[in-house]
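Remarks on the structure that follows.
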Amino acid sequence: MAQAVESNIVSYAQIADGARTAAETGDRIEWVKVSLIFLPLATPVSDAKVLTGRQKPLTEIAFIFAEISTRDGFQGIGFGYSKRAGGLGMYAHAKELAPNLIGEDPNDISRIFTKLLWAGASMGRSGMTTQAIAPFDIALWGLKARRAHLPLAKLLGAQRDSVQCYNTSGGYLHTPLDQVLRNVAISRESGIGGIKLKVGQPDLAIDIERVGAARNLLGHDFPLMVDANQQWDRQKATRACRAFENVDLTWIEEPLDAYDFEGHAQLAARFDTAIATGEMLTSAGEHAQLIMAEGSDFIQPDAPRVGGITPFLEIMALGAFKGRKLAPHFAMEIHLHLAAAYPIEPWLEHFEWLGPMFNEQMQLKDGRMHVSDRPGLGYSLSEQAIAWRADFEEFGKHP
Ligand SMILES: [Mg+2]
């Protein structure tokens, strides 16, 4: 018996026979290109932050793309973004970081993340510092998955091949109610899995009327969410959560300031309706504080905002350990892969905005977004994206 067991064991000596050492197999980053692209929006977009006068309507989004090539011929592409101010600063900081990648082994993503974090440590470990790292980190994860001939979801270890998907553009605050109801009907007929409406009108009664009308149209089973974009104080948020308690909402998003973890926790404890927040946080550490404060039922990390996929995976591990549901913010092209790997059934936020920047289309069917067979992240820059490019800089030598 002992002999039979022994014969099934492959010894390390056998594995090592003919294998190369880690140093020998290690690839090298030889070229990095950093680009600034301004994506125009067809219609200026307003949420509650505009109604309260804190922000102007959104007319364009700044994207920072990183393209990476290695000695062995592998490529990766990743991006970060800024809505309104910040894109130019992030682009400048990303260009400062880029030379740190040349000569590094692209497989050692954790090491590179730490190196880039320390390069800008004087600026802090959240905010623009982490967001400028994200394009590189995301490109490296995509590159690693392409090297393995796997979609990123499979490289990470997928729980599912598709993720339920909701339309986030069901009704902005500037959209008249009859148009909101038309959008809601069109969305449902197009096969979306859920619909989110913006709330946070100066008069709460108007929010209640709009959400109630959408609920009546959809019936009680169809997933419906609302998003207040941080514009209520604790008293108004409490009144709103109470008013919405019988509307069967899947969640109430950002009822309070993004950093009021305690206030969110009080709402989550007090009401049956789930509380969702986290899209504005810019590091794994901030998300850890939110999760440990019991601040939300749904966590909403955004990989480009927290610094990339490396910190997002840390947030996923803690979120799953603490039983949180996951509904990542924006950038569905990246988050589809991450949500597919989360142990608790997640939601994907559907934005059409980024579509024109990529050659590939996402596959939405029966209310779910499907992971494609394409290796890596599965997208490449379109000619339109390159036409929108405002500037770029290259580092190292193109292989
Ligand atoms: Mg939101």
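Details
- Antiparallel bridges, percent of DSSP beta bridges restricted to the chain (to nearest 5): 60 percent
- Couplings 3J(HN,Hα) for region 237-251, derived from phi with the Karplus relation 6.51 cos²θ - 1.76 cosθ + 1.60 (θ = phi - 60°), are 5, 5, 4, 5, 4, 5, 5, 8, 4, 9, 9, 6, 6, 5, 7 Hz, where x marks Gly and Pro.
- With helices as the sole contributors, the chain gives -11000 deg cm²/dmol at 222 nm; each DSSP H run of n ≥ 4 counts as -39500 (n - 2.57), and the sum is divided by every residue.
- P(r) tail fraction, the chain - alpha-carbon pairs more than 30 Å apart, %: 42 percent
- Taken over region 153-370, lysine pairs spaced eight or more positions apart, or on distinct chains, with alpha carbons under 22 Å apart number 7.
- Per residue convex hull volume, Cα atoms of region 195-286, in Å³: 92 Å³
- Percent carbon-and-sulfur accessible area, the chain, ignoring ligands, DNA and RNA, probe 1.4 Å: 52 percent
- Computed P(r) (all Cα pairs; region 45-138; 5 Å bins; percent): 3, 13, 21, 21, 15, 11, 8, 5, 3, 1, 0
- Under 5 Å, built H, 5+ apart or other chain: amide partners of Arg389: none
- Across the options Pro399, Trp388, Gln361, the greatest Cα extent toward the positive end of the charge dipole of the chain (unit charges at beta carbon of Lys, Arg, Asp, Glu) belongs to Trp388.
- Per residue, the convex hull spanned by the Cα atoms of region 79-220 measures out at 169 cubic angstrom.
- Protection proxy ranking for 178-189, 275-286, using the average of other Cβ atoms within 10 Å per residue and placing the highest first: 275-286, 178-189.
- For the pair region 282-332 and region 167-246, the centres of their Cα atoms are 24 angstrom apart.
- In Hz, Karplus ³J(HN,Hα) per residue of region 318-332 (6.51, -1.76, 1.60; θ = phi - 60°; x = Gly, Pro): 5, x, 5, 4, 8, x, 7, 7, 10, 9, x, 8, 6, 6, 5
- FRET efficiency estimate (nearest 0.05) - Cβ-Cβ, Asp248 to Gln159, R0 22 angstrom: 0.25
- Accessible area in square angstrom per residue, the chain, 1.4 angstrom probe: 43 Å²
- The value of relative contact order for region 265-391, using C-alpha pairs under 8 Å at least six residues apart, is 17 percent.
- With q set to 0.31, 0.32 Å⁻¹, the log10 of I(q)/I(0) for region 216-255, from the Debye formula over equal scatterers at the Cα positions, is -1.08, -1.11.
- Note on Ala148 and Thr52: with the Förster distance fixed at 45 Å, the Cβ-Cβ geometry gives a FRET efficiency of about 0.45.
- About the centre of its Cα atoms, the chain shows a dipole size close to 280 debye [charges on the beta carbon of Lys, Arg (+1) and Asp, Glu (-1) only; nearest 20 debye].
- Cβ crowding within 10 Å averaged over residues, with 33-46, 123-136 ranked highest first: 123-136, 33-46
- Those lysines that a straight Cα-Cα span of less than 16 Å connects to Lys83, excepting residues fewer than 8 apart in one chain: Lys49, Lys56
- Accessible-area order (highest first, 1.4 angstrom probe) of the listed residues Asp227, Asp233, Asp272: Asp272, Asp233, Asp227
- Per residue Cα convex hull volume in Å³ - calculated over region 153-370: 116 Å³
The values are calculated or read from the model by the stated rules, or taken from the named source; none is laboratory data. Note that the structure is predicted; figures quoted are calculated from it, not measured. Methodologically, a virtual Cβ is constructed for each residue, glycine included, from the backbone with ideal geometry; neighbour enumeration extends over all protein chains shown. In case anyone asks, the SASA skips ligands and DNA or RNA and just uses the protein heavy atoms, side chains included. Shrake-Rupley method; radii C 1.70, N 1.55, O 1.52, S 1.80 Å.
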